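Here the structure comes first, spelled out in structure tokens, and everything after it is commentary.
The values are calculated or read from the model by the stated rules, or taken from the named source; none is laboratory data. No experiment lies behind these values; they were computed from the predicted model shown. Please note: Cβ atoms are built from the backbone with ideal geometry, for glycine as well, and neighbour counts cover all protein chains shown.
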Amino acid sequence: MLNQAQKEAIKATIPVLKANGVALTSYFYERMFRHNPELKHIFNQGNQHSGKQPTALAGAVLAYAEHIDDPSVLASALMGIGHKHVSLNIRPEQYDLVGQHLLASIGEVLDLPGDSPLLEAWALAYDQLATLMAGVENKMYRQTLGQTGGWSGWRPFIIRQKVQESAEITSFYLYPSDGGQVASFLPGQFVSVRLFLPEINLLQPRQYSLSNAPNGAYYRISVKRESGSSLRPDGMISNRLHNFTREGDVVELTPPAGGFTLKQDQPGPVVFISGGVGQTPLLSMAETVLNTHSPRPMIWVHGARNKTSHAFRELLNTWSQRSDTLRFFNFYEQPDEPLAPNPAVIPGRVDLHLIKAFIILPQATYYLCGPEPFLRQQYGDLIALGVKPENINYEEFGPQTLTLRQEFVVNEAV
């Protein structure tokens, strides 16, 4: 247990973490992979290469230091991290190894002696955090194992179908190779997929949203082909899935996880706002609402380059024709002929101000998913249009680096 003097020592490092946090976490990852290269099989090397993972960790370490007096304030963020860790099959014993490298990195970067009181304080703080996280994750593991079709760790799945949805996005229908059932999931959750990449001689995991409603038999992921090469790991898994996998091939999955989920107990309208492949978790949500024959109105605002790049366009059009509760607004940067009568096509990038009369509704809940700039723009526009932050939910693909609610609250206070 940290005493008050140790908490003050932790808080005294906040200016250093603000100024040099990413440098510290980058050093930490380099050190850890140098001493324990086997951990490269667990960590997404694309996020390491892009700098997103060191940035996310730096933000988490800073937030923990800022709230060392009451870490419970971070409960929501820790739950999000817990979901990612469970999806990667992170186990409690790995916290010890990570902690050794993190503390050593703090000492080496700050040039502290081994018996430094600051290092002792951070060691206690890390143990406190690791114990908290292990408890959160252990509960998640138990919940999954307790489900019909639930499992723990990596499980082999067969690609039964591979369906091209657009010029860039392909769906993969994944069935367990043991012929058993699959665990149910909450609409909006994701699975981790693991493949071996001979280009870098590593197993690599990636998270993909489940793009269908729960059915007990299979999962569907819909993957955008990203740029990538042997020298640039970002996109290597998506390219391998697109170019090298065939129907009948086997991939490994962990059970569904994730906190960006449809709030099914709320009666008000649902407004989905997506950009590009960000539509995938929203597909699961919308299909679930339709399957339950809920009277909740649904409005879906989507941004794409053009009709060719708009995945699931025909399916969504079919949904809108069979349901009078679902309406679409599609923004195309390169519009071609209109898609009449529904969904509407609007030239340009998504601009919520143009359709505010249709989306600013009493008791509505908003779900945003897309690239980082897209999320920031749409979140800001919703706030400007009078939507309360607690009614806005968003999913950032990859490591969590956005804190939009806090950012906009601060901006409004200035």
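Brief remarks follow.
- Residues in region 215-234 that are over 25 Å from Gly275 (Cβ atoms) and either at pLDDT 90 or above or aromatic (Phe, Trp, Tyr) (or both) were compared, and the one that is surrounded by the most Cβ atoms within 10 Å (Cβ to Cβ) is Tyr218.
- Count - residues of region 49-63 that are closer than 21 Å to Arg194 by Cβ and either surrounded by fewer than 19 Cβ atoms within 10 Å (Cβ to Cβ) or among the aliphatic types (A, V, I, L, M) (or both): 3
- Enumerated helices (runs of 4 or more DSSP H) restricted to region 259-369, each holding at least 2 residues that are polar (S, T, N, Q): 280-291, 313-322
- For the criterion of being part of a strand (DSSP E or B), farther than 20 Å from Glu168 by Cα and either out of contact with any Lys or Arg (no Cβ under 7 Å at 6 or more places or on another chain) or small (Gly, Ala, Ser) (or both), Arg194 passes.
- Look at region 44-56: where a residue is in a helix (DSSP H, G or I) and a partner is hydrophobic (A, V, I, L, M, F, W, C), sitting 6+ places away or on another chain with Cβ atoms under 6 Å, you get Pro54/Val22; Thr55/Val22.
- The set of residues in region 128-142 being among the hydrophobic types (A, V, I, L, M, F, W, C) and free of Cβ contacts under 8 Å to residues at least 60 places away in the same chain consists of Ala130, Met133, Ala134, Val136.
- Some residue of region 52-63 being closer than 25 Å to Ala19 by Cβ, of a type in the set (Lys, Arg) and out of contact with any Leu (no Cβ under 6 Å at 6 or more places or on another chain): yes
- Residues (assigned to a helix (DSSP H, G or I), surrounded by fewer than 22 Cβ atoms within 10 Å (Cβ to Cβ) and free of Cβ contacts under 8 Å to residues at least 40 places away in the same chain) located in region 235-257: Asn239, Asn243
- Hey, Ala125 within 19 Å of Leu62 (Cα to Cα), surrounded by 18 or more Cβ atoms within 10 Å (Cβ to Cβ) and among the small types (Gly, Ala, Ser) or not: yes
- Given (1) without any contact (Cβ under 8 Å) to a residue 12 or more places away in the chain; (2) more than 26 Å from Met79 (Cβ to Cβ); (3) assigned to a loop (DSSP other than H, G, I, E, B), number of the condition Ala217 does not satisfy: (1)
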